Every structure is written in C-alpha cells, then in structure tokens.
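*Asks:* Take a look at the following structure, please.
Read the figures in this text as sums done on the coordinates, not as results from a lab. All values reported here derive from a predicted model rather than from experimental measurement. In this analysis, Cβ positions are derived from the backbone assuming ideal geometry, glycine residues included, and neighbour counts consider all displayed protein chains.
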C-alpha cells in the first residue's frame, strides 16, 4: 500500500507545479494582477519541496514524475480549461502512468 502514498504524492506534486505555473500564465498572458505571483511562488515552492519527499534518487524521481505530470495536466485541461479529452489523450496518459510506475516502483529500489 506504500505505492498508493507515493502515487498520490506524485499527483499532488504535479498539481502544485501546474497551479503555480497557471498563476504566472494568468499574469503574463491575461494581464491578471501581479499579486497572483504570490500564490504562484508558494505553489511552486511546495512543488519543489514535495519532489524531495520521494524516496528514489533525484533523476529517477524526476523521470517518473514526468509521467504523472502528463496525466494531471490532461485532467487540468478537462476540468479547468473545459476541453474534452480525446481517446489519444487518455491513451497517452495511461502510457505515461505506466512508464511512471515502471520507473518509480521497480523491484529492488531502496
């Protein structure tokens, strides 16, 4: 059941990165108040910190995290941006999550 905890931590980490970048995007692209950069900074700091909580070596964590980022970004696309996902989006996310699981949860890692 430990893998569920790490899977959720990967998802939370990805969400923090996406939220932080989204606030910056709003300021730069949509002219939102510069005050949005404060929650962006907090969110991006949480993202960086949460990456350190993963048990694997940094490079392996970053590689595995990429798969989760793809899946969470597509959920964001659907929920926040209101864009319908295609079957190719879903298949790509499934493959990315499989890759993430292969990297992060391989046997014999400390």
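*Asks:* Please report Rg over Rh for the chain, where both radii come from the alpha carbon positions and Rh follows the Kirkwood definition.
*Replies:* Reported Rg/Rh (Cα atoms, Kirkwood Rh): 1.02.
*Asks:* On to the next question. Given only helices, namely DSSP H runs of n ≥ 4 each adding -39500 (n - 2.57), what is the per-residue ellipticity at 222 nm of the chain, to the nearest 500 deg cm²/dmol?
*Replies:* Dividing the helical sum by the residues of the chain leaves -27000 deg cm²/dmol.
*Asks:* Along Cα→Cβ, 7 Å out, is where each label goes; now give me the distance between the ones at residue 36 and residue 106 in nm to one decimal.
*Replies:* About 4.0 nm, to one decimal.
*Asks:* Next question. What's the ranking of 21-33, 91-103, 58-70 by average number of surrounding C-beta atoms within 10 Å, highest first? Provide the component values of the computation, followed by the final result.
*Replies:* Values: 21-33: 13.1, 91-103: 15.4, 58-70: 17.8.
Ranked from most to least packed, the peptides come out as 58-70, 91-103, 21-33.
*Asks:* Could you check the simple spin-label distance between residue 48 and residue 1, using points 7 Å along Cα→Cβ, in nm with one decimal?
*Replies:* Modelled inter-label distance: 3.5 nm.
*Asks:* On to the next question. Working from the alpha-carbon coordinates of the range 1-52, get Rg over Rh, Rh being the Kirkwood radius.
*Replies:* Value, to two decimals: 1.13.
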